[in-house]
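The structure under discussion appears below in the form of C-alpha cells.
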Amino acid sequence: MAERRNTRKAARGAAEAGGGTGGPAPARLAVRKTYKLYLGGAFPRSESGRSYPVTSDSGQHLANASLASRKDARDAVSAARKAFGGWSTRTAYNRGQILYRVAEVLEGRRDQFAAQAVAAQGLSRAEADRVVSAAVDRWVYYAGWTDKFAQVLGGANPVSGPYYNHSAPEPTGVVAVLAPRYAPLLGLTSVVAPVIATGNTAVVVTSETAPLAAIDLAEVLATSDLPGGVVNLLTGRVPELGPHLAAHADVNALDLTGAGESAVEFERAAATTLTRVLRPGPGADGGEEAWLDPDPGTARMTPFLETKTVWHPVGI
C-alpha cells in the first residue's frame, strides 16, 4: 500500500511539473476580449460587421472595437425610447439605489479600470487611481441628487390670485450624448450619470480613440440593476454617427461635449427637429483632469429637464 501511494504521488508530481507528458508545461494563450456595442442591455456586434483598431497612447495595439453604423444608432435610439417610460416613472429613491449600485460594482473593479487607464492613456498608476476614484465618487454624487433635484429646481410659486401654483422638473426623454474625446472614464461618467439620474435615457457615442473603458463600464452597468436600454453605448466615429443622431426626430436633447469642430453643424441639424442642445463647455477637449471637480452642481442636469407648471384654484 505504501509503495502504491508513493507511486501515485510521483505521478502527480510529474504531471504538475510537465503537463502530464513528462515535458515542459505548454504555453497558455490568453483569452482576448471582444469589444462590442451595448444596446438595449445586450452586447451585439455592429450590424455592419466593421471594426477598427484601438491603440495605446504610445501606439501599441490594444484591441479591435466595433465600428458602429447609422443603423446601430437608430437601434440605440429605439432601445432608449422603449426604456424611457419605465425608467422615468421609477421612484427617485429607486433610481438613486441603482446609481449607487453602479458605484459599488465600479469600486470592486477599480484595479482593472486603473490598469486600463495606465495602458490606454499613458497615465501613471497614481493618476489612474485618482481618476477611477473620482469616477466612483461621481456616480455616488449623482445617486444622491436623484431625490433632491426636484425640490431644488421646482416648488410652489407665489402668484396673484386664488390659485395654488406649482412647478416640477420632468425628464425630457432620449438624450444623445457625444462623450468627451480625451476623458474616456471620468469624462464619460460625468456626462452620462446626470442624464440618467434625472430620469432620461441615453444614447452615447464614446471616445473614438479610447473606447475600451466605455465598454468595460457597460459591463458594470449591465450588472448593476440598470434596466436595458437606459444607457446605450456606440463605439465609432463622431463624424459618421453625429449627424444622424443630431437630426433624429426621436431624440429630444443633444449633448455636444465631444463634438469637436462639428458642434455648430450638429446644432444646426438639431434645430430642424427642435432638439434641446447642450453646447461644449470649457473643459470639453481636456483630459480626465478637466473633470476632477468634486462638486459639479446641477449644470449638467438642468439642460435635460422640462418644467411643468400646474395651476389649481383654491379658496373658491
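The values are calculated or read from the model by the stated rules, or taken from the named source; none is laboratory data. This structure is a prediction, so every number in the text was calculated from the model and none was measured. Virtual Cβ from ideal backbone geometry, glycine too; neighbours counted across all protein chains shown. When the accessible area is computed, the model is the full protein with side chains, heavy atoms only, and any ligands, DNA or RNA have been set aside. Shrake-Rupley method; radii C 1.70, N 1.55, O 1.52, S 1.80 Å.
Below is a table of values for the structure above.
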| quantity | calculated |
| --- | --- |
| Failed condition for G122, given (1) within 19 Å of Y182 (Cβ to Cβ); (2) within 19 Å of the chain's Cα centre (by Cα); (3) of a type in the set (G, A, S) | (2) |
| Of the criteria (1) on the phi < 0 side of the Ramachandran plot; (2) in contact with a helix residue (DSSP H, G or I) (Cβ under 9 Å, 6 or more places away or on another chain), which one D225 fails | (1) |
| Yes/no for R276 being in contact with a Phe, Trp or Tyr (Cβ under 9 Å, 6 or more places away or on another chain), open to solvent by 30 Å² or more (accessible area, probe 1.4 Å) and at negative phi | yes |
| Looking only at the stretch 256-272, and only at residues there that are in a loop (DSSP other than H, G, I, E, B) and open to solvent by less than 10 Å² (accessible area, probe 1.4 Å), the one that is nearest to P282 (Cα to Cα) | T257 |
| Residue satisfying all of: in the stretch 284-316; free of Cβ contacts under 8 Å to residues at least 40 places away in the same chain and open to solvent by less than 80 Å² (accessible area, probe 1.4 Å); nearest to Y141 (Cα to Cα) among these | G297 |
| Residues located in the stretch 35-72, provided they are out of contact with any strand residue (DSSP E or B) (no Cβ under 8 Å at 6 or more places or on another chain), without any contact (Cβ under 8 Å) to a residue 60 or more places away in the chain and surrounded by 13 or more Cβ atoms within 10 Å (Cβ to Cβ) | P44, E47, S48 |
| Output for the stretch 278-316, where each listed residue is more than 18 Å from the chain's Cα centre (by Cα) and of a type in the set (K, R) | R279, K308 |
| From the options A202, A210, A218, A176, residue that is open to solvent by 10 Å² or more (accessible area, probe 1.4 Å), closer than 19 Å to L37 by Cβ and out of contact with any Ser or Thr (no Cβ under 7 Å at 6 or more places or on another chain) | A210 |
| Output for the stretch 74-88, where each listed residue is in contact (Cβ under 8 Å) with a residue 12 or more places away in the chain and closer than 19 Å to A150 by Cα | F84, G86, W87, S88 |
| Single match in S224, S190 (criterion: over 25 Å from P53 (Cβ atoms), out of contact with any Ser or Thr (no Cβ under 8 Å at 6 or more places or on another chain), of a type in the set (S, T, Y) and surrounded by fewer than 24 Cβ atoms within 10 Å (Cβ to Cβ)) | S224 |
